[in-house]
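The values are calculated or read from the model by the stated rules, or taken from the named source; none is laboratory data. No experiment lies behind these values; they were computed from the predicted model shown. Cβ coordinates were reconstructed from backbone atoms using ideal geometry, including for glycine residues, and neighbour counts include every protein chain displayed.
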Amino acid sequence: MFKATLKSLLARKLRLTLSTLAVVLSVMFVSGSLVLTDTLGRTFDNLFANVYTYTDVQVNAKPPVQQDGGSNDSTPFPAATVDKIKAMPGVADATGGVFLNGATPIGKNGKVIVNQTLQQFGGGWNGEDQLVHLYQGRGPQTDSEIVINNGLATTANVKVGDTMDVITRDQQRATYTIVGTMQYAGGRDSMAGESAIFFTIAKAQSAMLGAPGEYNSVDVKAAAGVSDEQLRDTVRAGLGDQFVVKTGKELSEESSAGIKNLLKYVNYFLLGFGAVALLVGVFLILNTFSIIVAQRTQELALLRAMGAARGQILRSVLLEAVLIGVVGSVFGFLVGLGLGALGARGFVSLADGAQVASLGFPPSAIIASFVIGIGVTVVAALMPALKASRVAPIAAMRESATPDRPLTRLTIAGAVVTALSAGALIWGLAGAGDATLLLVFGGVLGVIIGVALLTPIISRPLVAALGAALSWSVPGKLGRRNSSRNPRRTAITAGAVMVGIAIVTAISTIFSSLSTALGDELNKQLAADVIVLGQSSTPDVPAVITDEQLKGLEALPQAQTVAAAATGAVLVGDKPDFVASYVDPAAVATVLKVKAEEGRIDRLGPGEFLVDRRTADARKYKLGDTIDVTFAKGQRKTLTLVGISSASSVSSGGIVVDYADAREGFAFPQASQAFIAIRDGTSATGVKDAVNEVLKDNPKVQAYTKDEFISTNQQGLDSVLVIVQLLLLIALFISVLGVINTLLLSVIERTRELGMLRAVGLRRGQTWQMVTTESIVITVFGTVLGLAVGAGLGAAIVTALKDVVGFGAVTLPWGLMVAYFFVSILVGAIAGLIPSVRAVRLNVLGAIAYE
């Protein structure tokens, strides 16, 4: 039986290739995702190891408020701290420095020069050292001179002697002369694409720290014979709990861990699409083995007649599946390895200066490839193998395969699975505690599987209806009847198409509904005609509207009301939070259509705060309650709740503090957004132009009309949807290959039939039309089913989450759905090309004599 199995495989090379291709496509996405994250992880390990190669120990002051996602290195400390460290045992030298995010370079076109890393460093020039080397020119000697890294010089197309405008952390824009360019050790123009601007120490202290004569870091060198860990412990003990003291190795690991945490979620995201590709691949492999077993009925019956037991037949088919799974897993892993490496190289290329790590073979990718490849193949082949083991010896005397059994059991199973899965989905969406996520994902998956089981019974009437439009000729009628002749095969093939289309449609429905709800909410709650927003190019430093510019906006004759808000990081109790502060609370209440539900919201005094209804209910606040707030600059205050407003999706925050408190305590107390209601008879576009004229010296801030503001908010959702659709094209590509695979094997199975049709007068063009019709009908059937299932799932999720997420009515993406339908016709025609060519090229006499 082993020899017979091998000979059967090798004798049918096309079937072997098609079966293996199904496994390769199922495996490569998962292995590629794991290779990508492994390579990127090691790349950033190397990057941060290089950054801190020459750092023994670094000292920073603890900030009063830890900012999630920020660098937390902006807290200044006196120069006397450096002298104190120098006097400690085991210290060879200690150098105070200023270096932190927030120096925004302005290009020759007047716009901010951004980079992919969102890091725009500004620091004080301490001269050359082991890490930093001058490439051209000299160091800055006056407050109007700067040195920049070569990467920024190239991006900005500037050289020594040119001038560059820079907005520093104090929000002041000034023009500086470039007197030098620098590189990092190893001849690197940047570490990972960041920009770096060096001022004199005094200028950096005032413009970047806002603390003349102070520093934000100390680089400590160990004396001979003192390890980095010993030095760290000595300095930490000498400085106390107000400082963070870490070795270069710890800094490297910490920085790399932050990136890896982000990569972990990227990996989950990609593996989610890998799971979709796997599900589609199961349909493809199952269909392939089902057709192969059906075509080998006589061969298997002969083996049974020669004495092969049922168990031997079962093991023979499963052995074939294992061999195909092994070969497919190997090639799937290798293809995934290449895709992961290309993806890593493309990702790292966005960060100029970073070098991608060498290609690795992560054990997780190898194990996953073989477990998935072999496991999926064996599971998918199990049902066809059981069917093969039941082939009776008498079947060897028949010219055709044993007819399929009735669909009753399959239909009942599909109905039960669909009903149970729908129930689990409804339960999960209604809220089931810790089991919510499992029930929702399990319910969605179960509904798709249940509908797939029902597909054979659905296929007969629906395929007949769809095929009627293509039945205007004899070849068209033959193609329609071929597609409905074997409902199980048609159902499995169409099921692969259905899965991809259903998931895309469900996600499109969710995002379309969310986008519509967001637009309706903003239209309803926003009375402003012009909105001013900062576009921060760094995560640590918000883009703000300066006080002078805010006064200029208020002075515009077209402006009736100007409402401005600032935001800041604080601690509420001992928990990090972001709060807002309104320059004029009464103006904000008017422009954002916020109403007082309890107390007053039109004014605030020092030591007072407001909340919206959503926040009050979530935190159980009531009028008169107090909270302890620690501001970014270190002030601790007890605030009293004086008003609760109606909830607003436009409002900057759930907690609003007095602007005097914000000016004293926020790291960046200037307004970061403004809402302008214009006078009757004036044009919003004209006012927007006037506002931009006021803001012309602040390229980090831009004005939008109300319609532009709503569209901008919706674009973020549209961008995510585009990414999802592009990734799901992989699953759709696999399903198209499933159609090609099915039709090719079907053509092989019907060789004699096709020969007879050709012999009685069916021309080559008509043969082409017949096979293409079959392909289009199957693809369109899967698409229609997928559109219906996806729209139903999406609508169910939107309806269930209406109160939780803020959805409005269900909005179906009709434009996309119509596009999917017409694209499926084109895809079906393309998928039928290869099988049609094979059918057309059949030798008529040879086909008649086939079998």
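Observations
- Looking at Leu342, Leu314, Leu337, Leu302, just one residue is more than 30 Å from Val218 (Cβ to Cβ) and buried (at least 18 other Cβ atoms within 10 Å of the Cβ), and that residue is Leu337.
- Tally, over the range 69-119, of residues that are β-branched (Val, Ile, Thr), in contact with a Ser or Thr (Cβ under 8 Å, 6 or more places away or on another chain) and not in a loop (DSSP other than H, G, I, E, B): 4
- Flag if Leu522 is assigned by TED's automatic domain parsing to the domain that holds Ala800, under 21 Å from the mean Cα position of the chain (by Cα) and under 19 Å from Val594 (Cβ atoms): no
- Of the criteria (1) part of a helix (DSSP H, G or I); (2) surrounded by fewer than 16 Cβ atoms within 10 Å (Cβ to Cβ), which one Glu128 fails: (1)
- Residue within the range 150-161 that is in a strand (DSSP E or B), touching a residue at least 12 places away in the same chain (Cβ under 8 Å) and in the same structural domain as Gly96 (by TED's automatic domain parsing) present: no
- Restricting the range 587-609 to residues that are surrounded by 17 or more Cβ atoms within 10 Å (Cβ to Cβ) and under 35 Å from the mean Cα position of the chain (by Cα), the residue that is nearest to Asp661 (Cα to Cα): Val588
- Within the range 89-112, the set of residues being surrounded by fewer than 16 Cβ atoms within 10 Å (Cβ to Cβ) and touching a residue at least 12 places away in the same chain (Cβ under 8 Å) comprises Pro89, Ala92, Asp93, Lys108, Gly110, Lys111.
- Listed here are the helices (runs of 4 or more DSSP H) enclosed by the range 757-843 that have at least 3 residues being in contact (Cβ under 8 Å) with a residue 60 or more places away in the chain: 764-800, 814-831, 833-840.
- So Ala703, is it of a type in the set (A, V, I, L, M), in contact with a Lys or Arg (Cβ under 9 Å, 6 or more places away or on another chain) and not in a loop (DSSP other than H, G, I, E, B): yes
- Val447, sole failed condition from (1) more than 21 Å from Gly281 (Cα to Cα); (2) buried (at least 20 other Cβ atoms within 10 Å of the Cβ); (3) modelled with pLDDT of 80 or more: (1)
- For the range 614-684, the strands (runs of 3 or more DSSP E) that sit wholly inside it and include 2 or more residues that are over 19 Å from Tyr582 (Cβ atoms) and touching a strand residue (DSSP E or B) at 6+ places or on another chain (Cβ under 7 Å) are 626-631, 636-645.
- Helices (runs of 4 or more DSSP H) contained in the range 180-298 and holding at least 2 residues over 32 Å from the mean Cα position of the chain (by Cα) and at pLDDT 90 or above: 201-204, 228-239
- Members of the range 115-125 found to be more than 13 Å from Gly151 (Cβ to Cβ) and crowded, with 17+ Cβ neighbours inside 10 Å, listed by number: Gly122, Gly123, Gly124, Trp125
- Test: Ala309 is surrounded by fewer than 19 Cβ atoms within 10 Å (Cβ to Cβ) and either among the aliphatic types (A, V, I, L, M) or over 30 Å from Glu194 (Cα atoms) (or both): yes
- Subset tally (residues that are among the polar types (S, T, N, Q) and closer than 30 Å to Pro606 by Cβ) for the range 666-716: 4
- Identity of the residue in the range 526-544, at pLDDT 90 or above and part of a strand (DSSP E or B), that ends up surrounded by the fewest Cβ atoms within 10 Å (Cβ to Cβ): Ile531
- Of the residues making up the range 619-653, those that are closer than 27 Å to Leu518 by Cβ and either free of Cβ contacts under 8 Å to residues at least 60 places away in the same chain or assigned by TED's automatic domain parsing to the domain that holds Glu521 (or both) are Arg619, Tyr621, Gly643, Ile644, Ser645, Ser646, Ala647.
- Only residues that are outside any helix (DSSP H, G or I), more than 23 Å from the chain's Cα centre (by Cα) and over 26 Å from Met28 (Cα atoms) were counted across the range 306-358, and they come to 5.
- Test: residue in the range 489-497 that is of a type in the set (Val, Ile, Thr), modelled with pLDDT of 80 or more and under 30 Å from Leu743 (Cβ atoms): yes
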